[in-house]
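The structure appears below as structure tokens.
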Amino acid sequence: MRAQVSYYDILRKRRAGPPLLTGEELDELTSVLSIVMLATVWLGICRMDLTFKHEARTVESETGMTCPSDREIAHAIRKLASGKSAEIASARTTFLKASSQSSACRTEIIEALIKAMDRPNLDFNRDTDSYYLWRFGADLLGDLRAAEALDLLISHLTQRSAFFSSSMNHQPALRGVIKMGSIAVPKLAEVLRHNSDPKRRYSAIYCIATMGGVSAIAVLREALVSEADPYAKRLIQASLESFDAKDRSRIEWSGLPPLPAMVCLLSLECSPAGPAKPPEVQERRAITSLYEWRCKTWENQRVHQKTAR
């Protein structure tokens, strides 16, 4: 039986003898080259697969957590728009957990939310999915303090549903901006300085006054001097007067505040029947739609306390 010919023997023979190979030597060399080619192809495929996964956002965080995939993010966004409590809670948990583990994940989630919410011709009354997406998406952006979403939220401050809510759920963008806190004040100040829409300025005043703080007070004082709209001016004045007497940095909504809360921002007198509505206030229904519930709440508390005595 003929001894096994190695690849090394073949090469040595080629250097020492004539350049021709026997049939067996040629078969052996072909087998070796085939194995090398297959290994090269396999390594190339593995490298492409790793590159694809990296580009598809399997981004590892510092703690080893993997970001949700595009499909998982889209699925969670659909849960937010469902209006179902369990699914909304599940989506919030997914987004908040991933965002807390990795700045890359946080950025991708915020960008996906902004893209999903930024739709033309929004109608919260006819399209309940859009309303729920904004209702819980804006809250989530506020919780994440997503400054990159401020332009979108502020441009939709007055977007509302027909069903008034004392917690301002009917104006979801307004809730999201308030949750941002002080980082939103500079852009809201720009609304007071340059935006010609009175309803948006009223909403900006509401946001600034509710957030409170030194920067908020400074913006309101500046706006009080420059504001030309008499109704907005009265809102600003009453807001400044309504800050908590203890630290002058926030409006105290609970209990019985120094003024009958922010509903009486128009300096209206409260009565058991609710706030008075002079003709000029009728023309500015947007103001009372934002604040009149607070006046009623305050009055109900006052009557209840008298009855309890």
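Please treat every number below as a calculation from the coordinates, not as lab data. Just so it is clear, the structure is predicted and the values come from calculations on it, not from any experiment. Every residue, glycine among them, receives a Cβ derived from its backbone with ideal geometry; neighbour counts consider all protein chains shown.
What net charge is computed for the residues neighbouring E87, neighbours being all others with C-beta under 9 Å from the C-beta of E87, Lys and Arg scored +1, Asp and Glu -1?
+3
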For S130, the net charge from surrounding residues (Cβ-Cβ under 14 Å; K, R +1; D, E -1) works out to +2
Note, segment 102-107: 3J(HN,Hα) by Karplus (6.51, -1.76, 1.60, θ = phi - 60°), whole Hz, Gly/Pro = x, goes 8, 5, 5, 4, 4, 4
Between T93 and E241, the two model label points (7 Å from Cα along the beta-carbon direction) sit apart by a distance in nm of 4.9 nm
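How big is the shadow of the Cα convex hull of segment 96-217, averaged over all directions, in nm²?
Computed as one quarter of the Cα hull surface, the answer is 7.8 nm².
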Rounded to the nearest Å, the spacing of the alpha-carbon centers of segment 119-186 and segment 195-246 is 20 Å
